[in-house]
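The values are calculated or read from the model by the stated rules, or taken from the named source; none is laboratory data. Since this is a predicted model, take the numbers as computed values, not measurements. Neighbour counts are summed over all protein chains in view; Cβ atoms, including those assigned to glycine, are modelled from backbone coordinates with ideal geometry. We work out accessible area using only protein heavy atoms, side chains counted, and drop any ligands, DNA or RNA first. Shrake-Rupley method; radii C 1.70, N 1.55, O 1.52, S 1.80 Å.
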Amino acid sequence: MKKVLIVMTNVPSYGDSNDATGLWLGEVTEFVEELEKVGIEVDYTSPKGGYIPIDPRSLKYVDNTIMNYYRSSDFIERALTNSLPANAVDADAYDAIYYSGGHGVMWDFPNNPYLQRISERIYQNGGYITSVCHGIAGLFYLQDEQKQPLIAGRNITGFTNGEELLSGKVNQVPFSNERLAKEKGANFEKKRPYKPFAIQDGQFITGQNPFSPRQVAELLIKNLR
């Protein structure tokens, strides 16, 4: 049985402000639904474990799939209430890791040593590192065995500068995903703002924005089946 580790943020606000953020709910539920259709199991983790705040803006984009998961006792228990702390995860149990988004990830994904070790181990085992939207923040500081950026020379995508500007949050985020990806040597690809787009380069599968989780899932499924 294939299994994928879903990573979510614990951060409830933009830095020290009172402006709420958190997990972009659909980026998990839509991805998980595609995997569960083909019998791929999932576990949920976060840097600290436990409670996962939800970006209130993401609730404006709910549909039947999102609400079905939001009401599900399993999802409430394992994902939103009692996510696994990253330091308790056995990386060898997973075939892939998926970094979900929401602006909160920009504070607790990039430099978490446990998430980094999990991802690097999965990669070394021949597994896949995947992300969507702001979840790309979890990829920036991964390293190969020579301590070089793991994404150097790779074609990846994530939330773009243009999309950040359109989101109205460009002055509240700690860095630019697009710029940092390029600084780490990646080839950052993008399509029109807020249009579904996902790409694969070897063991990396990445999606551009909140409308891309199903596309990421479809590419991953092709590699796991």
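Does S100 meet the test of being under 30 Å from L180 (Cβ atoms), open to solvent by less than 30 Å² (accessible area, probe 1.4 Å) and polar (S, T, N, Q)?
For S100, the condition - under 30 Å from L180 (Cβ atoms), open to solvent by less than 30 Å² (accessible area, probe 1.4 Å) and polar (S, T, N, Q) - is met.
Report, ordered by the first and then the second residue, all pairs with beta carbons closer than 8 Å, sequence separation of six or more or different chains, a first member in the stretch 207-225 that is within 15 Å of T29 (Cα to Cα) and touching a residue at least 60 places away in the same chain (Cβ under 8 Å), and a second member that is surrounded by fewer than 18 Cβ atoms within 10 Å (Cβ to Cβ) and among the hydroxyl-bearing types (S, T, Y).
N209/Y194; P210/Y61; P210/Y194
Please go through the stretch 154-179 and give me each residue that is open to solvent by less than 50 Å² (accessible area, probe 1.4 Å) and part of a loop (DSSP other than H, G, I, E, B), ordered by number.
Passing the criteria: T157, G158, F159, T160, K169, V173, F175, S176.
Before we move on, is E36 among the acidic types (D, E) and within 23 Å of Y123 (Cα to Cα)?
So E36 fits the description; yes.
Could you give every pair whose Cβ atoms fall below 9 Å, whose first residue belongs to the stretch 176-195 and is closer than 12 Å to N209 by Cα, and whose second residue is outside any loop (DSSP other than H, G, I, E, B) and open to solvent by 90 Å² or more (accessible area, probe 1.4 Å), counting only separations of at least 6 or pairs across chains?
Pairs found: P193/L165; P193/L166; Y194/L166.
Suppose we filter the stretch 27-58 for residues that are in a strand (DSSP E or B) and within 17 Å of G207 (Cβ to Cβ); how many remain?
Here the count works out to 1.
Which number in (1) touching a residue at least 12 places away in the same chain (Cβ under 8 Å); (2) part of a loop (DSSP other than H, G, I, E, B); (3) closer than 20 Å to N111 by Cβ marks the one condition that D16 misses?
Exception for D16: condition (1).
Scan the stretch 1-24 residue by residue and report those that are over 25 Å from R117 (Cα atoms) and of a type in the set (A, V, I, L, M).
A20
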